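Encoded as structure tokens, the structure appears first; notes follow it.
Every number here is computed from the coordinates shown, using simple stated rules; none is lab data. As the structure is a computational prediction, the values presented were derived from the model and not from experiment. So basically every Cβ, Gly included, is an ideal-geometry build from the backbone, and we count neighbours across all protein chains shown.
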Amino acid sequence: MPTTAPGPDGLPRCQWATTVDAFIPYHDAEWGFPVADDTRLFEKLCLESFQSGLSWRTILAKRENFRAAFAGFDFTKVARFDAADVARLLGDTGIVRHRGKIEATIANGRCACELVETHASLAAYFWSFAPSPAEHEAHRGLSTSPASVALSKALRKRGWKFVGPTTVHAFLQAAGLINDHARECHAFASAQEARARFTPPRPPA
């Protein structure tokens, strides 16, 4: 079964990226490229949580609305959301109006603040779970991995919600903690080069 398909420009891409035109810029410039910014990491994990049970096309189309609704995914602000904000968000037709996911995002904002207090940054914590290249290769193309299971378990122990192993694996892919581009995909090499230049953040000694 082929893992790539030609895009409108003829370049081979991961097959999922060629199913919707809007996927192409996201696939080519974001997916699989390493992220160290805490706000972006929080956004990516939240959006993957909202995507659970839905299509990524729906989430990507609403991403700017999500950003506006959740204060740009500044988790220090999201952590202060209250019942009035929940009501506001449930009435916002520009996002996915799922009470459980909305309340989980707010709760996760509070958990993110606590995590920064203990580990200096979300990035330092998340990247500590990034698998080695050999470990990743052993689970390439799967919907979960030992790394996603471990991070999911650790986050849930800290009170995070809607962060099951499949959701967390999608987050690892999206945030570049693993490069899951098909080897034949034209973006694979670019993502690898970005990883080679990237220094994973570490908590202070």
Within segment 153-190: backbone nitrogen closer than 20 Å to the residue 5 label point (7 Å, Cα to C-beta): 180-188
Modelled FRET efficiency - R0 35 Å, residue 117 with residue 84, Cβ distances, 0.05 increments: 0.85
Simple SL model, points at 7 angstrom along Cα→Cβ for residue 183 and residue 54; separation in nm is 3.6
Given q = 0.17, 0.23 Å⁻¹, what are the Debye log10 I(q)/I(0) values for segment 41-143, with equal point scatterers placed on the Cα positions and solvent ignored? -0.84, -1.21
Please give, to one decimal in nm, the separation of the simple spin-label points placed at residue 76 and residue 157, each 7 Å out from Cα toward the Cβ. 2.8
Whichever lysines have a C-alpha closer than 17 Å to that of residue 161, once near sequence neighbours (fewer than 8 apart) are set aside: 44, 101, 153
Residue by residue through segment 33-39, the couplings from Karplus 6.51 cos²θ - 1.76 cosθ + 1.60 with θ = phi - 60°, in Hz, x for Gly and Pro, are 9, x, 10, 10, 7, 4, 5
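Determine the sum of side-chain charges near residue 54: Lys and Arg each +1, Asp and Glu each -1, restricted to other residues whose C-beta is under 14 angstrom from that of residue 54. Kindly include the intermediate steps, with their values, before the conclusion.
Numbers: positive: 57, 62, 63, 97, 101; negative: 48.
Charge balance in the 14 Å sphere: +4.
Rule-of-thumb check for segment 1-55: C-alpha Rg over 2.2 N^0.38 Å?
Working: Rg = 13.1 Å, N = 55, 2.2 N^0.38 = 10.1 Å.
Taking the Cα Rg and dividing by 2.2 N^0.38 Å, one obtains 1.30.
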Whole angstrom only: what separates the Cα centroid of segment 14-58 from the Cα centroid of segment 115-153? 17
Relative counts (whole %) of C-alpha pair distances in segment 11-197, using bins that are 10 Å wide: 9, 38, 36, 15, 2
Simple spin-label model, 7 Å along Cα-to-Cβ: residue 132 to residue 199 in nm? 2.3
